[in-house]
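Accompanying notes for the structure given below.
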Amino acid sequence: MPSRRDVLGSVAGSAALSGTAGCLSTGPSDPILGCVSVTNDAAQARTVHVIVERADELVAWDTLELAGHDESGVARKWIERTWPAEPAPFLIRARVEGRDGWEQVDSEGLANGNYIHYDLEVGEESTIFWKNSVPDPNEQCAGTPVATGTPETTD
């Protein structure tokens, strides 16, 4: 028959593990999605649909109307950040209206703990994602609107 100490130790261990349920899929081994922007480098206006998933949850779905660029430069808009600036796997998908297929990028293979800014660059004929990855927060996401109540950083 197990002793009272053995039973209590077993229960305490189970309670500690159950407290981490749902947290095991994310952690410091994931990058941090800081911001997402879309830049229109084409002369004509574009409509772009963007979907952001974080830790397998839909956190943003937006349709952006971007003016065509003129002599003053490119048109850029930011996706409102509704997700916390904490490590988690993520997936970003985007489609330029009038073009076939979706472009997508994810956190696979990115540096652990790095802050990521992805920009979808729309050209005359092609669309590409480029990323800026840095080891600590900086001004790369200075223009990003953040939803009220969204945690800025990890504790």
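Taken together, the values in this text are just the output of simple stated rules run on the coordinates, not laboratory data. No experiment lies behind these values; they were computed from the predicted model shown. Positions of Cβ are backbone-derived with ideal geometry, glycine not excepted, and every protein chain shown enters the neighbour counts.
Filter the range 65-83 for residues that are within 14 Å of PRO145 (Cα to Cα) and either of a type outside the set (Phe, Trp, Tyr) or in contact with a Leu (Cβ under 6 Å, 6 or more places away or on another chain) (or both) and give the result. The answer is ARG76, LYS77, ILE79, GLU80, ARG81, THR82.
Among the residues of the range 80-103, those identified as under 18 Å from ASP41 (Cβ atoms) and of a type in the set (A, V, I, L, M, F, W, C) are ALA94, VAL96. Tell me whether the range 108-124 contains one or more residues that are out of contact with any strand residue (DSSP E or B) (no Cβ under 6 Å at 6 or more places or on another chain) and at positive phi. Yes - at least one qualifying residue is present in the range 108-124.
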